[in-house]
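Trainee: Sharing a structure with you now.
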Protein chains: 2
Amino acid sequence: VLLVGRPEVVASAGLPCIEASEVIEMHDDPANGVRRKKDSSLVRAAEAVRDGVASAMVSAGNTGATMASALLRMGRIKGVSRPAIATVLPRPGMHPTVLLDSGANAECQAPWLVQFAQMGAVYSQHRFGLERPKVGLLSIGEEAGKGNDLVKETHDLLTTAPHVHFIGNVEGRDVLTEAVDVVVTDGFTGNVVLKTLEGALSAISSSIMQALAATAEFQANQGPLRAAHRQVYDFLDPETYGGAMLLGVEGVCIISHGSSSALALRNAIRVAADMVRGATVEGLRVAIAAE
Amino acid sequence: VLLVGRPEVVASAGLPCIEASEVIEMHDDPANGVRRKKDSSLVRAAEAVRDGVASAMVSAGNTGATMASALLRMGRIKGVSRPAIATVLPRPGMHPTVLLDSGANAECQAPWLVQFAQMGAVYSQHRFGLERPKVGLLSIGEEAGKGNDLVKETHDLLTTAPHVHFIGNVEGRDVLTEAVDVVVTDGFTGNVVLKTLEGALSAISSSIMQALAATAEFQANQGPLRAAHRQVYDFLDPETYGGAMLLGVEGVCIISHGSSSALALRNAIRVAADMVRGATVEGLRVAIAAE
């Protein structure tokens with residue numbers, strides 16, 4: 001593990017450091033930040049990956065600036081139209097669902113979504129060992145004709161796309177079930193889904209705890225029951241999984257939530273290491289080149 | 001309560017009936033169904049509202065055909081570009097959020113979304129008694145510049161729209177909180193949000209129950225704890241609320257889930273009656289005419 005940042009902040013951890021004098025703040029404009037703050041920790045981290053000094057980068061900073069740094073300094077995988085953010089959504093009793101794009105591209109074109117499907121399948125294979133992940137296109141009905149124009153056009157392209165086991169349209173209610181392993185959507189819808197799930201987890205679990213707390217049985221056994229609940233909450237909380245991978249750039253870039261816990265960051269570093277050891281970027285190159 | 005349908009099905013209930021010999025099935029194409037099955041229960045029900053024989057219609061049948069029947073037989077409120085489906089999302093400890101469009105229009109234009117905001121505000125006022133509901137535009141960041149092209153254009157229009165207390169962009173995680181009372185979005189995104197919440201409720205609550213069931217304390221007190229959980233589940237389940245209202249047509253039309261329980265349908269009928277007594281359609285007319 002290498003730390004990148006201002007010496008007075010990173011040096012005290014006792015780990016090897018790469019010094020960077022500037023910081024792209026959470027509220028900074030991503031593209032401007034990367035252009036103007038050439039000695040920022042995000043830019044320096046992406047350069048370290050590009051130059052082979054580091055094998056991967058992990059950031060819990062400004063998401064847009066993390067993407068921009070990775071894209072501008074590492075470059076795009078040849079043939080990739082747009083990189084996408086792949087998030088993992090924990091499902092009870094099985095490996096997580098991969099959701100992409102979960103926020104990199106608010107406006108998308110159908111051929112980009114086909115590449116998201118191909119890249120998402122590779123990611124699911126590498127991260128969870130699935131041989132033939134079921135790839136679904138997020139829509140508002142299972143039939144091929146359901147959805148907006150983007151979905152209809154993408155559906156047609158996906159039926160013949162190589163490197164994708166396309167199972168057709170899926171709906172919001174399928175995302176956390178065994179029906180689908182990789183959910184493909186534009187970055188606007190994907191981000192809305194991700195944040196809706198976060199909000200639902202919080203609202204639902206606090207409601208259930210409140211209702212249980214009103215029972216005498218719960219009050220008599222609060223400790224173990226709260227611990228059981230906490231365990232589920234942590235399991236389902238996307239933060240626990242330590243970050244999303246930016247797929248389509250020439251290197252491993254893991255984007256973590258700004259409010260990541262120490263556990264989440266440890267997991268993010270572990271995922272980064274796994275993706276490097278498993279040669280995921282090479283897998284993405286092969287899938288995209290096969291088009 | 002008037003029942004509309006095939007005599008052999010509806011007559012036995014002992015309620016007044018309107019006979020209709022045909023049925024638009026769940027898998028029928030909505031527009032074709034309405035055009036060709038002129039003696040279907042959906043078409044006859046919409047005509048009964050148009051003709052003043054009934055005050056409102058409630059259907060748990062084919063959603064698209066319910067909308068098409070209402071639109072073609074009752075007609076559109078003057079000035080309304082597109083009717084929208086307004087769904088209510090229960091929030092713990094306060095009145096529900098109104099989400100629209102939750103599925104009527106997969107492709108939308110910015111001026112339509114402005115009307116959805118105006119109609120959603122009226123609906124929230126009439127249904128929940130809010131004087132000045134907080135109207136938010138669903139996006140992927142709170143700042144005005146965040147989102148896709150449709151959201152950016154709509155945001156600009158909403159800042160000066162009459163009859164709307166516009167609070168700016170909201171995110172998926174705000175939908176079930178007190179941050180916002182009316183969430184405006186296109187029918188594709190809205191439908192995805194609705195179904196994602198359904199799926200989340202199911203996945204999260206079953207996970208929590210499973211984890212609790214693994215503790216000895218839970219097993220000893222299963223009955224009351226399961227009852228408390230069931231109570232929350234029913235509270236949060238949108239089905240309990242008995243249906244969504246189609247806003248923008250010249251009459252009250254309530255669309256219920258195809259798998260509605262008897263309780264859900266009773267609630268749907270109650271909502272329909274409330275909306276008629278409160279002259280909600282007149283309120284919508286006034287809001288749209290003020291543009």
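The values are calculated or read from the model by the stated rules, or taken from the named source; none is laboratory data. Predicted model, so just to flag it, every value in this text is computed and none were measured. Cβ atoms come from the backbone with ideal geometry, glycine included; neighbour counts cover every protein chain shown. Side chains included, ligands, DNA and RNA excluded: accessible areas come from the protein's heavy atoms. Shrake-Rupley method; radii C 1.70, N 1.55, O 1.52, S 1.80 Å.
Trainee: Given the Cα-Cα distance of A:Ala289 and A:Val276 and 0.36 nm per residue of separation, how much length would full extension add, in nm? Before the final figure, lay out each step's value.
Mentor: Working: separation 13, 0.36 × 13 = 4.68 nm, distance 1.96 nm.
Full extension from A:Ala289 to A:Val276 adds 2.7 nm.
Trainee: In segment B:1-99, which GluC sites (Glu not before Pro) fall in coil by DSSP and have 16 or fewer other Cβ atoms within 10 Å?
Mentor: Values: sites: B:Glu8, B:Glu19, B:Glu22, B:Glu25, B:Glu47; in loops: B:Glu25.
In loop regions of segment B:1-99 (DSSP not H, G, I, E or B), the sparsely surrounded GluC sites (Glu not before Pro) are B:Glu25.
Trainee: Using 0.36 nm per residue of separation minus the Cα-Cα distance, give me the extension gain between A:Met94 and A:Asp149 in nm, one decimal.
Mentor: Values: separation 55, 0.36 × 55 = 19.80 nm, distance 3.28 nm.
Extending this stretch completely gives an extra 16.5 nm.
Trainee: To the nearest 100 Å², how much accessible surface do chains A and B hide from each other in total, with a 1.4 Å probe? Don't jump to the answer; show the numbers that get you there.
Mentor: On the way: alone 13930 and 13920 Å², together 23600 Å².
For chain A against chain B, roughly 4200 Å² becomes buried.
Trainee: Sticking with this one: Summarise the partner chain shielding of A:216-228 as one whole number: the mean count of Cβ atoms from other chains within 10 Å of each residue's Cβ.
Mentor: Details: counts 2, 10, 7, 0, 3, 8, 1, 2, 6, 7, 1, 3, 10.
The mean count of partner-chain Cβ atoms within 10 Å per residue comes to 5.
Trainee: Give me the three principal axis extents of segment A:229-287 from the C-alpha atoms, as integers in angstrom, largest value leading.
Mentor: 42, 19, 16
Trainee: How would you order B:89-100, A:194-205 from highest to lowest mean count of nearby Cβ atoms within 10 Å?
Mentor: Numbers: B:89-100: 20.7, A:194-205: 22.8.
By packing density, highest mean first, the sequence is A:194-205, B:89-100.
Trainee: Something else about it: Give, as ranges by residue number, the residues of segment B:249-285 whose backbone N falls under 19 Å from the point 7 Å along Cα→Cβ of B:Ala227.
Mentor: none
Trainee: Tell me, what is the Rg over Rh of segment A:30-180, with Rh the Kirkwood radius over Cα pairs? Don't jump to the answer; show the numbers that get you there.
Mentor: Working: Rg = 16.9 Å, Rh = 16.8 Å.
When Rh is taken as the Kirkwood radius, the ratio is 1.01.
Trainee: Please tell me the relative contact order of segment B:161-291 in percent, rounded to the nearest whole number, where contacts are Cα pairs under 8 Å and at least six residues apart.
Mentor: On the way: 82 pairs, mean separation 25.6, N = 131.
Relative contact order, segment B:161-291: 20 percent.
Trainee: Quick check: net charge around B:Ala272, other residues with Cβ under 14 Å of its Cβ, Lys/Arg +1 and Asp/Glu -1? Mind showing how you got there, number by number?
Mentor: Values: positive: B:Arg127, B:Arg266, B:Arg270, B:Arg277; negative: B:Asp274.
With Lys, Arg at +1 and Asp, Glu at -1, the net is +3.
Trainee: Please compute the average number of Cβ atoms from other chains found within 10 Å of each residue's Cβ in peptide A:185-191.
Mentor: 5
Trainee: So how far apart, in nm, are the two label points at A:Glu19 and A:Ala262 if each is 7 Å from Cα heading toward Cβ?
Mentor: It works out to 2.8 nm between the two label points.
Trainee: Helices from chain B with mean Kyte-Doolittle at least -0.5 and a Cα length along the axis of 24 Å or more, per DSSP H: which?
Mentor: Going by DSSP H runs, the hits are B:110-128, B:187-213.
Trainee: Still on this structure, please answer the following. DSSP beta bridges in the protein assembly as shown, what fraction antiparallel, as a percent rounded to 5?
Mentor: Numbers: 20 of 58 bridges.
Within the protein assembly as shown, antiparallel bridges account for around 35 percent of the total.
Trainee: Can I ask one more? Can you list the copy-to-copy distances for A:Gly168, using a point 7 angstrom from Cα toward Cβ, in nanometres, shortest first?
Mentor: A:Gly168 label point versus its equivalents elsewhere: 4.3 nm.
Trainee: Any idea how far the Cα center of segment B:166-228 sits from the one of segment A:7-86, in Å?
Mentor: A separation of 35 Å, based on Cα centres.
Trainee: Quick one: with label points 7 Å out along Cα→Cβ, list the inter-copy distances for B:Gln109 in nm, shortest first?
Mentor: Computed spacing set for this position: 2.4 nm.
Trainee: While we're looking at this one, here's another question. Across peptide B:137-149, what mean number of C-beta atoms from other chains lies inside 10 Å of a residue's C-beta? Mind showing how you got there, number by number?
Mentor: On the way: counts 0, 4, 4, 11, 6, 0, 1, 0, 1, 4, 5, 8, 3.
If you average over the peptide's residues, the count of other-chain Cβ atoms is 4.
Trainee: Could you work out the Kirkwood radius for chain A, taking every pair of different alpha carbons, averaging 1/r and inverting it, reported in Å? Mind showing how you got there, number by number?
Mentor: Numbers: mean 1/r = 0.0501 Å⁻¹.
That comes to 19.9 Å for chain A.
Trainee: As a test of the formula, what do you get for chain B when each DSSP H run with n ≥ 4 contributes -39,500 (n - 2.57) and the sum is divided by the residue count, at 222 nm and rounded to the nearest 500 deg cm²/dmol? Working shown, then result.
Mentor: Values: 11 runs with 130 residues, N = 291.
Estimated from H runs of four or more residues: -14000 deg cm²/dmol.
Trainee: Identify, for chain B, the residue whose C-beta comes nearest the rotation axis onto chain A, and round that distance to whole Å.
Mentor: B:Ala200, 2
Trainee: Taking the label point as lying 7 angstrom from Cα along the Cα-to-Cβ axis, what are the distances from B:Gly14 to the corresponding position in the remaining copies, in ascending order and in nanometres?
Mentor: The projected label point of B:Gly14 is separated from its counterparts by 8.1 nm.
Trainee: Working from the pairwise distances between different alpha carbons, so that the mean of 1/r is found and then inverted, what is segment B:14-57's Kirkwood radius in Å?
Mentor: On the way: mean 1/r = 0.0910 Å⁻¹.
Its Kirkwood hydrodynamic radius stands at 11.0 Å.
Trainee: Same structure, new question: Percent of alpha carbon pairs in the protein assembly as shown separated by more than 34 Å?
Mentor: Numbers: 76747 of 169071 pairs.
For the protein assembly as shown, the fraction of Cα-Cα distances above 34 Å is 45 percent.
Trainee: Further, regarding this structure: Give A:Lys146/B:Lys152; B:Lys37/B:Lys78; A:Lys146/B:Lys78; A:Lys78/B:Lys152; A:Lys195/B:Lys134 a once-over and call out the pairs whose C-alpha atoms are over 23 Å from each other. Working shown, then result.
Mentor: Working: A:Lys146/B:Lys152 25 Å; B:Lys37/B:Lys78 27 Å; A:Lys146/B:Lys78 29 Å; A:Lys78/B:Lys152 32 Å; A:Lys195/B:Lys134 20 Å.
In this structure, A:Lys146/B:Lys152; B:Lys37/B:Lys78; A:Lys146/B:Lys78; A:Lys78/B:Lys152 lie more than 23 Å apart at Cα.
Trainee: Using alpha carbons only, what's the Rg to Rh ratio of segment B:117-272 with Rh from Kirkwood? All intermediate terms of the calculation are to be shown ahead of the outcome.
Mentor: Working: Rg = 18.7 Å, Rh = 17.9 Å.
Taking Rg over the Kirkwood Rh, I get 1.04.
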